[in-house]
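The values are calculated or read from the model by the stated rules, or taken from the named source; none is laboratory data. Here the structure is a predicted model, which is why all the values come from computation and not from measurement. Glycine gets a Cβ as well: all are built from the backbone with ideal geometry, and neighbour counts include every protein chain shown. We work out accessible area using only protein heavy atoms, side chains counted, and drop any ligands, DNA or RNA first. Shrake-Rupley method; radii C 1.70, N 1.55, O 1.52, S 1.80 Å.
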Amino acid sequence: MRVLHAAAECFPWVKTGGLADVLAALPQAQARAGLDVRLVLPGLPGILGALRSRERIADLGAVMGAARVTLWLGSLADHGPRAYVIEAPLYYDREGNPYAGPDGREWPDNLQRFALLGWVAAHLAVGEIDPQWCPDILHAHDWHAALACTYVATHPVRRVRTVFTIHNLAYQGLFDAADFPLLGLPARHLATAGLEFHGQMSMMKAGLVYADHITTVSPRYAREIATPEFGCGLEGLIQARQAVVSGILNGVDEQLWDPANDPLLPARYSAGDLRGKAQCKASLQQALGLSIEPRAPLLGIVSRLTAQKGLDLVLEALPAWLQAGVQLAVLGSGNPELEAAFTEAARNHPDQVHVRLGYDEALAHALIAGSDALLVPSRFEPCGLTQLYGLRYGTIPVVRRVGGLADTVIDASGQDPARPATGFCFEQASPQALGAAVDRAISCYRSPKAWRALMQAAMASSFSWDASAHDYRDLYTRLRDA
Ligand code: ADP
């Protein structure tokens, strides 16, 4: 089974969110499961610079308005799968993240930039660029790579099957419909049954309409996006395609996120010996300038600061927690109002609240290890990775019962002895509901035996990529043999 993954991010070279973690870990797990896996990625500076032992596969000339497009094949990591990297200096040799410049503004030519990714992925997949290696499955991730499914579906030679994974339906890749001719597709595809979406052109639809199969990154999110509450206006289309929509849960990179072997922690620990966790907490409190109180419940947040993540609820609930002696450590960046509000809270309560704006991989590990509980109050959450890290680090997740959060955290009120509790869940996206869940967590924390049992159950939960890789293989096999 040969699989080609097409995506815009791959950790640690280019990352804005969980998508990058998935593209780093899933292909490796699939390779361990015996699949022949390759990636195709845009030649952003971080990716092109990391590519080793590379060979030139093709000079593609001018494609999608980029004058000089070269395709390389090489290795990004010592033991990782090989990657095709598209060198197109006009589109990809830029500072910033894959979607926006250093000033945060999206690149005006994003349509062409990601159409190029989709075009190259599709032509690789049908065997036109590298006939030595033709995949059985082209697996495209998020709107950035979605056009690959459209180009394959509209190609006369079509043996490869396509899978489109939605990592987040809220980011849809909407563009001016007047630019449709840039894509080089027959005009009939700019229709409601094609790419058109309320007068615009939707790259998300390029995957949803044309892929042979659609997956989400948790089973519950697959059901949720068929409803108006979570469907972002695409619920009708998702319902129509329901027979080919399914959810496969993301996993954790168990080597990178392992409290017993994490070089980014001041002390290491395991479920059997939790002493190191207390040291991690003390070091974190010291590093962040919080008062060093072993018995003060320390709540952690590592997140993009956006409306999706429900962090406004945290700000509303915070005054009551501060009165109860709780501490809060936040690492994140995003929405300027949220950044300002958290910064203000930290300024007013430096002993109890610390906020670090920005992206910091080392602090993310230290914060997740050193906190007692991890807050993930998302309004919607396709899968969520931080609650999985929290579980592994015995940092009890307090989560809203949506999407992947609901699929991975077992609430402490549960009575099923076969499924021991691993965290605290709440229903409504309100400060009261979040506050009530945190109150439950704090009262459990005050009884060390119960808290320890919770930590140990959390640390025993397993979300390995190997299980997900197995599920994807079953799906690919069904599609290939259909
Ligand atoms: P999303 O993809 O919606 O941002 P996920 O929970 O799926 O949310 O993945 C977020 C990933 O990004 C996790 O690996 C998390 O640790 C990481 N992350 C988020 N914000 C930061 C930050 N400020 N610094 C370091 N890592 C971060």
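For this structure, a couple of remarks:
- For the range 157-217, the strands (runs of 3 or more DSSP E) that sit wholly inside it and include 2 or more residues that are modelled with pLDDT of 95 or more and farther than 28 Å from residue 129 by Cβ are 174-176.
- Leading residue by the ranking (surrounded by the most Cβ atoms within 10 Å (Cβ to Cβ)) among those in the range 270-312 that are in contact with a strand residue (DSSP E or B) (Cβ under 9 Å, 6 or more places away or on another chain) and of a type in the set (Ser, Thr, Tyr): 303
- Filter pass, residue 243 being open to solvent by 70 Å² or more (accessible area, probe 1.4 Å), part of a helix (DSSP H, G or I) and in contact (Cβ under 8 Å) with a residue 40 or more places away in the chain: no
- Looking across the range 395-425 at every residue that is open to solvent by 10 Å² or more (accessible area, probe 1.4 Å) and over 18 Å from residue 453 (Cα atoms), the one that is farthest from the ligand (Cβ to nearest atom) is identified as 401.
- Here is the figure for the range 304-321: residues that are modelled with pLDDT of 95 or more and away from the ligand (no atom under 11 Å from the Cβ) total 12.
- Among residues of the range 193-227, those that are farther than 21 Å from residue 479 by Cβ, open to solvent by less than 20 Å² (accessible area, probe 1.4 Å) and hydroxyl-bearing (Ser, Thr, Tyr), counted: 1
- Residue within the range 246-262 that is more than 19 Å from the chain's Cα centre (by Cα), under 30 Å from residue 475 (Cα atoms), surrounded by fewer than 23 Cβ atoms within 10 Å (Cβ to Cβ) and in the same structural domain as residue 139 (by TED's automatic domain parsing) present: no
- Residue list for the range 167-189, filter: buried (at least 16 other Cβ atoms within 10 Å of the Cβ), within 15 Å of residue 209 (Cα to Cα) and out of contact with any His (no Cβ under 9 Å at 6 or more places or on another chain): 169, 172, 185, 189
- Sole residue being free of Cβ contacts under 8 Å to residues at least 40 places away in the same chain, on the phi < 0 side of the Ramachandran plot and open to solvent by less than 40 Å² (accessible area, probe 1.4 Å), chosen from 163, 120, 126: 126
- Any chance residue 392 is more than 13 Å from the ligand (Cβ to nearest atom), open to solvent by 20 Å² or more (accessible area, probe 1.4 Å) and assigned by TED's automatic domain parsing to the domain that holds residue 443: no
- Residues within the range 42-54 that are in a strand (DSSP E or B) and without any contact (Cβ under 8 Å) to a residue 60 or more places away in the chain, tallied: 3
- When the range 347-377 is limited to residues that are near the ligand (Cβ under 8 Å from one of its atoms) and buried (at least 24 other Cβ atoms within 10 Å of the Cβ), the one that is nearest to the chain's Cα centre (by Cα) turns out to be 376.
- Pairs, first assigned by TED's automatic domain parsing to the domain that holds residue 138 and part of a loop (DSSP other than H, G, I, E, B) in the range 1-25, second among the basic types (Lys, Arg) and open to solvent by 20 Å² or more (accessible area, probe 1.4 Å), C-beta under 6 Å, six or more apart: 9/15
- Condition met for residue 95 (among the charged types (D, E, K, R) and in a strand (DSSP E or B)): no
- For the range 320-340, the count of residues that are of a type outside the set (Val, Ile, Thr), part of a loop (DSSP other than H, G, I, E, B) and crowded, with 24+ Cβ neighbours inside 10 Å is zero.
- Among helices (runs of 4 or more DSSP H) entirely within the range 388-482, having at least 3 residues that are closer than 30 Å to residue 23 by Cβ singles out 403-408, 448-460, 465-481.
- Filtered by the rule that a residue be in contact (Cβ under 8 Å) with a residue 24 or more places away in the chain and either among the acidic types (Asp, Glu) or not assigned by TED's automatic domain parsing to the domain that holds residue 49 (or both), the range 77-108 gives 87, 93, 95.
- Any hit, the range 29-36, residues being open to solvent by less than 10 Å² (accessible area, probe 1.4 Å), touching a residue at least 12 places away in the same chain (Cβ under 8 Å) and within 19 Å of residue 471 (Cβ to Cβ): yes
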